[in-house]
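What follows is one structure encoded as structure tokens, with my remarks underneath.
The values are calculated or read from the model by the stated rules, or taken from the named source; none is laboratory data. Everything numeric here is computed off the predicted structure, so don't read it as measured data. Virtual Cβ from ideal backbone geometry, glycine too; neighbours counted across all protein chains shown. When the accessible area is computed, the model is the full protein with side chains, heavy atoms only, and any ligands, DNA or RNA have been set aside. Shrake-Rupley method; radii C 1.70, N 1.55, O 1.52, S 1.80 Å.
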Amino acid sequence: MRKIKKEKELLKPIANYLKDEGYALQMAEACFFDYAIDLYGYSEKKRRCVAIELKLYDWKKALKQALVYQLCADYVYVAFPESSLTRVQISAFSEFGIGFIAVSPDRCRQVLKAKKSIELMSHYKSEMIKMTKRGA
């Protein structure tokens, strides 16, 4: 199996995974304050948003970013290459309700299901949905 070497290689498998999960409206590099959410998705049917942070190695940085994204998304995930899982402390994500997805070039596997964000601010969510709809 080919190893993922660049963060951008995670985007296509994750975008397809989100689409299969019902998040048809998507925006890559969605601006949120000083951050760029790697992939933001919205499901009109479910009326839910999801934010995904993609990382190759630095799981602590990914967790910090994901915590901020809980302000604007119902569910937040961090996605890492399957080959990097042994270097990630999954329990840290669980503690904060952040989900975790392992990515290989041909599939995505949910390792940890995200919990609905209790930090969600409806006005941030609404603005992100508007931006996503305009960008789609």
Legend entry - Conditions (1) in contact (Cβ under 8 Å) with a residue 60 or more places away in the chain; (2) assigned to a strand (DSSP E or B): number failed by Ile52: (1)
Inset, instruction - Please verify whether segment 26-35 includes one or more residues that are closer than 18 Å to Asp106 by Cβ, of a type in the set (A, V, I, L, M, F, W, C) and open to solvent by 20 Å² or more (accessible area, probe 1.4 Å). - result: no
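Quick grid of which residues meet (1) modelled with pLDDT of 95 or more; (2) more than 22 Å from Lys5 (Cβ to Cβ):
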{"site": "Leu39", "(1), (2)": "yes, no"}
{"site": "Lys46", "(1), (2)": "no, yes"}
{"site": "Lys55", "(1), (2)": "no, no"}
{"site": "Trp59", "(1), (2)": "no, no"}
{"site": "Glu82", "(1), (2)": "no, no"}
{"site": "Thr86", "(1), (2)": "no, no"}
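May I ask you to list the residues in segment 56-89 that are among the small types (Gly, Ala, Ser) and over 12 Å from Ala102 (Cβ atoms)?
Ala62, Ala66, Ala73
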Inset, instruction - State all residues of segment 88-110 that are modelled with pLDDT of 95 or more, over 13 Å from the mean Cα position of the chain (by Cα) and closer than 17 Å to Leu56 by Cα; if no residue qualifies, say none. - result: none
Inset, instruction - List the number of the failed condition for Leu11; all other conditions in (1) open to solvent by less than 60 Å² (accessible area, probe 1.4 Å); (2) outside any strand (DSSP E or B); (3) modelled with pLDDT of 95 or more hold. - result: (3)
Inset, instruction - Count, please, the residues in segment 20-43 that happen to be under 15 Å from Gly135 (Cβ atoms) and assigned to a helix (DSSP H, G or I). - result: 0
Inset, instruction - Go through the residues of segment 120-129 one by one and say whether even a single one is modelled with pLDDT under 95 and either over 13 Å from the mean Cα position of the chain (by Cα) or over 24 Å from Glu29 (Cβ atoms) (or both). - result: no
